[in-house]
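Trainee: Handing you this structure, nothing more for now.
Bear in mind these aren't lab numbers, they're just calculated from the coordinates by the rules spelled out. Please read all numbers here as calculations on a predicted model, not as lab measurements. Backbone-built Cβ (ideal geometry, glycine too); neighbour counts: all protein chains shown.
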Amino acid sequence: MAYRDEKLHEEKVFKDPVHRYIHVRDRVIWDLIGTPEFQRLRRIKQLGTTYLTFHGAEHSRFNHSLGVYEIVRRIIENFRDQPFWDDDERILCLCAALLHDLGHGPFSHSFEKVFDLDHEDFTRAIILGDTKVNEILRRVDENFPQDVADVIHKTYSNKLVVSLISSQIDADRMDYLQRDAYFTGVSYGHFDMERILRVMRPMEDQMVIKESGMHAVEDYIMSRYQMYWQVYFHPVTRSAEVILSKILHRAKELYMANEYEFKLKPTHFESFFLKEVSLEDYLKLDENVVFYYFHIWKEEEDAILSDLCRRFVDRDLFKYIEFDPGNQYRELMDLKECFNEAGVDPIYYLEVDSSSDLPYDFYRPGEEEERLPIHLQLPTGELKELSRQSDIVESISGKKRTDHKLYFAKDLIEQLPEESDIKKRIYEILKG
Amino acid sequence: MLEDHARLMAFFEQAQEVVGRKRLQKMVYILKKCGFDFSERYSFHFYGPYSEELSTRIEELCNLGFLDEAKEKEKGYYQYRYHLTDRGAGFLSESGVTTPNMDAVIQKMDEQSSKFLELVSTMLYFDNFSKEEIEDKVRTVKSQQNYTEADFEEAWRFINDMKH
């Protein structure tokens, strides 16, 4: 039997708190799960620094990847024998679902911003490079790794296949919303996925939803909206992200200046600082390694690096206030000067954080063909964009709420002499 | 702080006016590919390279009153027209962000249709492939657009002009 079609002697199951069971019968899926590159995802948290706000949010990209695989497996079960669905694409869909986040690094968001990296490039590199994952995929077919990479990269010829893993209602989003809600313990983020799976229909270029399933999809869109504001963009989590970015900047600055002697040299970070990150270097750096450095760097001679690491490890985060750059940008300039005058470096202890700094996609109805929207299939067969049928979705697809906060090390300001003019001035500006 | 916002505002200042969200997405992508420093990350979507970060940042600039967005009805669909406001220009001049002159590339893009910019940006998305592979890839991912040999030739000329 060809490796592509090979089945395990008996089905393997993973217990899962969101989907109850994750079922694996295909040999190739089982082998991929066992690779070091996939096991590495156990050491990358799904929500980065969110665990500092919601203590339950310790789940990993490993959990999520299995979850996405399971949802795609169930969708394909439902699609069997339906028009437009080609069951020869089944194993490709399952592999792409399982591997879609393979290139995520530790605290992806901050790392990618600071070091100008893109996890999608590393997903591709792992799938196509000299790795165990590639070795297994090539056993299916020499071109199979490229096909899997193309599906994940959204450039595969069959757009229906792409839409299962990446569209505005896909397995990726359906898993992370439910999983993140479960592990953070919040009550929003839940929706009736079973119902959505039952009303999904394959079409030539995309999945569509039977009109009767509109309310289940409304719930899903509302979940996305609420999870964004209540969990993903939580101001305390953002504070931890700000400090994390500052640590990486400071370590890089010290390293590049070549004048500072680290007690613990940033060996695992060197290629990141020098913008020469090889796949081997990338795979070596997981969150356990990053934490080890941060722990040790608490004892560094450099006061800023040690202070920032202490803040991150001990959860002594920056405070924040609401900030309106439209009306307050002059105050921000003043504040920077005051921080400088007070001997508190504003580069490391003052930051404006905006909602656009966080990668998250609101539902977009696809005006001007920016993104493919969710389509409802009416009983006549006609397709209608979701927000044109649903008042609820229309109401949150219009003018978007955006948000800016000013983060700062309040404790350092409090330590300034009580009667100092600069302290008073800083408080005046902060209090508006 | 807010440097990414300021860089976008500098683009709007130099472009004076941008009509269409799709066009805006493709213009910033092409500028990025020409080496101009925009931080917004792009990935491939149904209609070519698209940045959710850019969409959100544009919404922020509008909400802050730095950018004006006018919604207009055009042949059965809506399109959006953007220009920098006085408040935005004020912020930009005080931000201290220095931006290179993008005028020449912006002017070249202004002379082209959105559909053409979509083709160019999609070709640039695959620029790590050979010329033949890029054309194959574009034909695969945008099969419904039915691009002709002449379209590709014109797009290649445009890309070469821009990069030199």
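Trainee: Between B:Glu72 and A:Asp141, how many nm apart are label points set 7 Å from Cα along the C-beta direction?
Mentor: In this crude spin-label approximation the distance works out to 4.8 nm.
Trainee: Taking beta carbons within 10 Å but only from partner chains, what does the mean come to for residues A:330-342?
Mentor: 1
Trainee: What does the structure give for B:51-64 when I average, per residue, the other chain Cβ atoms found within 10 Å of the residue Cβ?
Mentor: Going residue by residue through B:51-64 and averaging, the value is 6.
Trainee: Give me a comma-separated list of calculated 3J(HN,Hα) values for the range A:255-269, in order, Karplus coefficients 6.51, -1.76, 1.60 applied at θ = phi - 60°, integers in Hz, x for any Gly or Pro.
Mentor: 5, 5, 5, 6, 10, 9, 9, 5, 5, 10, 4, x, 3, 6, 9
Trainee: Tell me, how many Å apart are the Cα centres for the range B:86-144 and for the range A:281-360?
Mentor: 33 Å
Trainee: Still on this model: Helix A:287-297: angle to the longest alpha-carbon principal axis of chain A, degrees 0 to 90, nearest 10?
Mentor: 10 degrees
Trainee: At most 13 other Cβ atoms within 10 Å and a DSSP loop assignment: could you name the GluC sites (Glu not before Pro) in the range A:115-175 that fit? Display every interim value, and only then the final one.
Mentor: Details: sites: A:Glu120, A:Glu135, A:Glu142; in loops: A:Glu142.
Sparse-neighbourhood loop GluC sites (Glu not before Pro): A:Glu142.
Trainee: Another question, if that's okay. What does the structure give for A:322-328 when I average, per residue, the other chain Cβ atoms found within 10 Å of the residue Cβ?
Mentor: Mean number of neighbouring Cβ atoms from other chains: 4.
Trainee: If the reach is capped at under 17 angstrom between alpha carbons, list the aspartates and glutamates near A:Lys424, excluding any in the same chain fewer than eight residues apart.
Mentor: In chain and number order, the partners are A:Glu331, A:Asp334, A:Glu337, A:Glu341, A:Asp411, A:Glu414.
Trainee: Could I ask something else about it? Along the Cα-to-C-beta direction of A:Asp86, a point sits 7 Å from the Cα; which residues of the range A:190-220 have their amide N less than 17 Å from that point?
Mentor: Correct set: A:202-207.
Trainee: Treat the range A:3-232 as a sphere of radius equal to its Kirkwood radius over Cα pairs and apply Stokes-Einstein at 37 °C in a medium of 0.692 mPa s; give the translational diffusion coefficient in µm²/s, rounded to a whole number. Could the numbers behind the result be given before it?
Mentor: On the way: Rh = 18.1 Å.
Taking Rh from Cα pairs, D becomes 182 µm²/s.
Trainee: If a/c stays under 1.5 just call it rounded; otherwise compare a/b with b/c (prolate if a/b is bigger, oblate if not). Do that for the range B:2-132, with a ≥ b ≥ c from the square roots of the Cα gyration tensor eigenvalues.
Mentor: Details: a/c = 1.78, a/b = 1.29, b/c = 1.38.
It is oblate, given that a/c is not under 1.5 and a/b is not larger than b/c.
Trainee: Please give the length that would be gained between A:Met333 and A:Glu418 if that part of the chain were fully extended, namely 0.36 nm times their separation in residues minus their C-alpha to C-alpha distance (nm, one decimal).
Mentor: Result: 28.3 nm gained on full extension.
Trainee: In addition: Determine which lysines satisfy two conditions relative to B:Lys71: a Cα distance under 16 Å, and not lying fewer than 8 residues away in the same chain.
Mentor: A:Lys399, A:Lys400, B:Lys22
Trainee: I want to check the label-to-label distance for A:His215 and A:Asn258. Put each point 7 Å from Cα in the C-beta direction and report it in nm to one decimal.
Mentor: Those two pseudo-labels are separated by 6.8 nm.
Trainee: Assign unit charges at the C-beta atoms only (+1 for Lys and Arg, -1 for Asp and Glu), then state the dipole size of the range B:1-88 relative to its Cα centre in Debye, rounded to the nearest 20. Walk me through the intermediate numbers first.
Mentor: Working: 14 positive and 15 negative charges, 97 e Å.
Using Cβ point charges on Lys, Arg, Asp and Glu, the range B:1-88 gives about 460 debye.
Trainee: For B:Lys131, list the lysines whose Cα falls under 21 Å from its own Cα; do not include residues on the same chain fewer than 8 positions away.
Mentor: Result set, ordered by chain and number: A:Lys154, B:Lys26, B:Lys32, B:Lys33, B:Lys115, B:Lys142, B:Lys163.
Trainee: Rounded, prolate or oblate: which fits the range A:258-309 when a ≥ b ≥ c are the square roots of the eigenvalues of the alpha-carbon gyration tensor, with rounded for a/c under 1.5 and prolate only if a/b beats b/c?
Mentor: The shape class here is oblate.
Trainee: Which whole number of Å³ per residue matches the convex hull of the alpha-carbon atoms in the protein assembly as shown? Don't skip to the answer; put the middle values down first.
Mentor: Values: hull volume 99.7 nm³, N = 596.
Measuring per residue, one finds 167 Å³ for the Cα hull of the protein assembly as shown.
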